[in-house]
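Notes for the one structure printed next.
The values are calculated or read from the model by the stated rules, or taken from the named source; none is laboratory data. All figures in this text were calculated on a predicted structure; none of them were measured in a lab. Backbone-built Cβ (ideal geometry, glycine too); neighbour counts: all protein chains shown. Keep in mind that these areas ignore ligands, DNA and RNA; they rest on the heavy atoms of the full protein, side chains included. Shrake-Rupley method; radii C 1.70, N 1.55, O 1.52, S 1.80 Å.
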Amino acid sequence: MIAQPKASHFVDGAYVEDTQGAKIEVIFPATGEVIAELHEATPSIVDRALASARRAQAEWARVRPVERSRILRRAVDLIRERGEELAQLETLDTGKPIQETRVADWPSGADALEFFAGLAPTVTGETVPLGQDFVYTLREPVGVCVGIGAWNYPSQIACWKSAPALALGNAMVFKPSEVTPLGALKLAEIFVEAGLPAGLFNVIQGRGAVGAALVTDPRTDKVSLTGSVPTGQKVYAAAASGIRNVTMELGGKSPLIIFDDASVEDAVGAAMLANFYSTGQICSNGTRVFVQKGIKTQFLKRLKERAEAITLGDPRKDDTQLGPLVSAAQLDKVMGYVEKAKSEGGTLVTGGKRAPMNDGFYVEPTVFADITDDMTLAREEVFGPVMAVLDFETEAEVIGRANATEFGLAAGVFTADLARGHRVIGQLQAGTCWINAYNLTPVEAPFGGMKMSGVGRENGRAAVEHYTQVKTVYVGMGPVDAPY
Ligand code: NDP
């Protein structure tokens, strides 16, 4: 048990255990080894978490914004001081290469805390002059927020949700994915060490049923979910019964469009980042790579060379560039999509096999060319290192095909013609877009999806809308003019 936490849950400022809850085994995806054993939250743990959040939030809402910020800033410093230790834990929890977890996961989480700590004291209402009378508005916290995380960026998700929530005066009960439960507990510890009052950030473990219990509890005011579309539909519907505010960050099947005037080297690099980073387990990945016919041969040649040079291996090693998938179940799912792409007529350019290594859940970086819009690989989210390359001829054609999906999370365009870049992006139905870049998600910028990919935005100023509510106050300055 090389990563066993002190206890399964962190409630009201301290670790707590309840061994009555069903067991959760945490597995290191590179070896299949059990690295920790936790228990699901029982109804009593769920109750304690929500009760402490409710109590703590009422007081936190009255704390001056600069004081809230100061505490969050201290948490940022602690995260950065412990960067290496946290990156190692993230690698054990997720199987992602240490070269990624050192720069992407906790660092981005710390950035979010720093951003919202800075922003919170600037969040104010407005005054509306009405002649003699006037209206002023207040931006008040929403209250108790439930955060539910996916397994691909567990610590970053915990930070991205708690940062605006706490900075703006809310409390949070966070349920990580049962597959990756460790990082959020560290965040709870760090918050308390930084001076955050007990009860404001609670972490409880469990599978979907624990998430569902949190979503429907009358003490919950808001739900922020990162997960798949089917889970999003269930959680959104359950939250609707209590007219609860929601943020939904869901899946995607995002287009990355490469015109034949683009730099092939840059486009290949971006397509690889958009499909192989985090072993392809990123919601905003550009998993439909549309390549204009004029550069198809050149593009596939460089892509194959560069994909075959990727170093697969133990994610704890500095030089490993591609780690395992997160779980055996995910491995089966991804291999199922690979087999389907072969049987439906895709041309395998490289990869396509499991890479048996120390019993880990490895798949080779895989590229399929000649994928058509009707094939499963072009329609469903794989969440693995499997790139689908599709051909196109004209701008109008590719825009129509790129939009022909229920998803609308992200999109990218590569072209040397910036006017075309903006024109194409202007017509794509996606919440987060890039021109001559891909998958960069700085916390200063709003992130989220259109269509079935989500509701609301995380990060940027846009998140303020989703973690506060407006109170309108009409001030009468003269006598009441009643007609009776
Ligand atoms: P899931 O949708 O399976 O689960 C997400 C979370 O919801 C988990 O913590 C899960 O618990 C929980 N959950 C499941 N059922 C319920 C329920 N009925 N009520 C409340 N909570 C529930 O997603 P994965 O964890 O498999 O993550 C992969 C998915 O997440 C992909 O589809 C990906 O696109 C999406 N994603 C979206 C992102 C975005 O920002 N748009 C970012 C990252 C991922 P448990 O798993 O423990 O059962």
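Can you send over the carbon and sulfur percentage of the accessible area for the chain, probe radius 1.4 Å, protein chains only? Each step should come with its number before you reach the end.
Working: 10060 of 18830 Å².
Looking at the chain in its full context, I get 53 percent from C and S.
Once you have the Cα-Cα distance between Ala482 and Ala462, take 0.36 nm times their residue separation minus that, and quote the gain in nm to one decimal. Mind showing how you got there, number by number?
On the way: separation 20, 0.36 × 20 = 7.20 nm, distance 4.11 nm.
Taking Ala482 through Ala462 to full extension adds about 3.1 nm, to one decimal.
What residue among Thr297, Tyr236, Ile157 has its Cα farthest toward the positive end of the dipole of the chain, where the charges are +1 on Lys, Arg and -1 on Asp, Glu, each on the Cβ?
Tyr236
Run through region 303-349 and list the GluC sites (Glu not before Pro) located in a DSSP loop whose Cβ has at most 13 other Cβ atoms within 10 Å. Don't skip to the end; give the middle numbers.
Details: sites: Glu305, Glu308, Glu339, Glu344; in loops: Glu344.
Those that pass, being in a loop and sparsely packed, number zero.
Just the C-alpha atoms of region 265-329: what Rg/Rh do they give, with Rh taken as the Kirkwood radius?
Working: Rg = 13.2 Å, Rh = 13.0 Å.
Rg/Rh for region 265-329 comes to 1.01.
How much accessible area does Arg48 have with a 1.4 Å probe, in Å² rounded to the nearest 10?
In the full protein context, Arg48 sits at about 120 Å².
About the Cα centre, and with charges only on the beta carbon of Lys, Arg (+1) and Asp, Glu (-1), how big is the dipole of region 194-343? Nearest 20 debye, please. Kindly include the intermediate steps, with their values, before the conclusion.
Numbers: 18 positive and 14 negative charges, 98 e Å.
It works out to roughly 480 debye.
His9's amide H: which non-local residues (gap 5+, or another chain) put their own amide H closer than 5 Å, with H modeled 1.01 Å from N in plane and none for Pro or chain starts?
The answer is Val16.
Along the Cα→Cβ direction, 7 angstrom out, place labels at Glu85 and Asp266. What is the inter-label distance in nm?
4.2 nm
Shape verdict for region 1-111, please, from the Cα gyration tensor: rounded (a/c under 1.5), prolate (a/b greater than b/c) or oblate.
Values: a/c = 3.10, a/b = 1.15, b/c = 2.69.
Judged from the Cα gyration tensor, region 1-111 comes out oblate (a/c at least 1.5, b/c at or above a/b).
Under the rule a/c < 1.5 gives rounded, and otherwise a/b versus b/c splits prolate from oblate, where does region 292-370 land using the Cα gyration tensor? Show your work: numbers first, answer last.
Numbers: a/c = 3.20, a/b = 1.37, b/c = 2.34.
The shape class here is oblate.
Out of residues 5 or more away from Asn245 or on other chains, whose amide H comes under 5 Å of its own, with H placed 1.01 Å from N in the peptide plane?
Result for Asn245 returns Val223.
Got a sec? Charge dipole of region 20-93, +1 on Cβ for Lys and Arg, -1 for Asp and Glu; which of Leu92, Ile71, Thr31 is way out at the positive end?
Ile71
Would you give the gap between the C-alpha center of region 124-155 and the C-alpha center of region 89-112, rounded to a whole Å?
Region 124-155 and region 89-112 have Cα centres spaced 30 Å from each other.
Points 7 angstrom from Cα along the Cβ direction at Glu25 and Asn436: gap in nanometres?
The answer from the label model is 5.1 nm.
In degrees from 0 to 90, rounded to the nearest 10, what is the angle of the helix 106-119 Cα long axis to the longest principal axis of the chain?
The angle comes out at about 40 degrees.
Using only the alpha-carbon atoms of the chain as identical scatterers, what base-10 log of I(q)/I(0) does the Debye formula give at q = 0.07, 0.14 Å⁻¹?
Taken in order of the listed q values, log10 I(q)/I(0) reads -0.38, -1.33.
Can you list residues whose amide H is under 5 Å from Arg288's amide H, if they're 5+ apart or on another chain and H is modeled 1.01 Å from N?
Those qualifying (amide H under 5 Å, at least 5 residues apart or on another chain) are Ser254, Leu256.
So, with +1 on the Cβ of K and R and -1 on the Cβ of D and E, and no other charges, what is the size of the charge dipole of region 374-418 about its Cα centre, to the nearest 20 debye?
Computed about the Cα centre, the dipole is about 140 debye.
Might you report the magnitude of the Cβ-based charge dipole of region 312-357 about its Cα centre, with Lys and Arg at +1 and Asp and Glu at -1, to the nearest 20 debye?
Details: 7 positive and 6 negative charges, 22 e Å.
With only Lys, Arg, Asp and Glu charged at Cβ, the dipole is about 100 debye.
May I ask what percent, to the nearest 5, of DSSP beta bridges between residues of the chain are antiparallel?
Numbers: 31 of 68 bridges.
Percent antiparallel among DSSP bridges in the chain is about 45.
Using every pair of alpha-carbon atoms in region 122-180, split the distances into 10 Å bins beginning at 0 and state the percent of pairs per bin, rounded to integers.
21, 34, 22, 14, 8, 2
Give me the one-decimal nm value for the distance between modelled label points at Gln4 and Ala445, 7 Å along each residue's Cα-to-Cβ direction.
Spacing of the two 7 Å Cα→Cβ label points: 4.4 nm.
So for the chain, taking the charge dipole from beta-carbon charges (+1 Lys/Arg, -1 Asp/Glu), which of Ala419, Gly476, Tyr362 sits furthest toward the positive end?
Selected residue: Gly476.
Which whole-number percentage describes the relative contact order of the chain, with Cα contacts under 8 Å and a sequence gap of 6 or more?
Numbers: 1143 pairs, mean separation 88.2, N = 484.
18 percent.
So what is the accessible area of the chain per residue, in Å², with the probe set to 1.4 Å?
Numbers: 18830 Å² over 484 residues.
With the other protein chains kept in place, the chain gives 39 Å² per residue.
HN-Hα J couplings of region 324-335 from phi, Karplus 6.51/-1.76/1.60, θ = phi - 60°, integer Hz, Gly and Pro as x?
Here the 3J(HN,Hα) series is x, 6, 6, 7, 5, 5, 5, 4, 4, 4, 5, 5 Hz.
Using only helices, what value at 222 nm comes out for the chain when you add -39,500 (n - 2.57) per DSSP H run of length 4 or more and divide by the total residues, to the nearest 500 deg cm²/dmol?
-11500 deg cm²/dmol
With θ taken as phi - 60° and the coefficients 6.51, -1.76 and 1.60, list the Karplus ³J(HN,Hα) couplings across region 305-310 in order, rounded to whole Hz; mark glycine and proline as x.
Once rounded to whole Hz, the list reads 4, 6, 5, 6, 8, 5.
Of all DSSP beta bridges in region 47-189, what percent run antiparallel (nearest 5)? Write down the numbers at each step before the final one.
Details: 4 of 9 bridges.
Counting only bridges with both partners in region 47-189, antiparallel ones make up about 45 percent.
May I ask you to evaluate 6.51 cos²θ - 1.76 cosθ + 1.60, the Karplus curve with θ = phi - 60°, for each residue of region 127-134 and list the ³J(HN,Hα) values in order in whole Hz, giving x for glycine and proline?
Here the 3J(HN,Hα) series is 10, 10, x, 10, x, 6, 7, 7 Hz.
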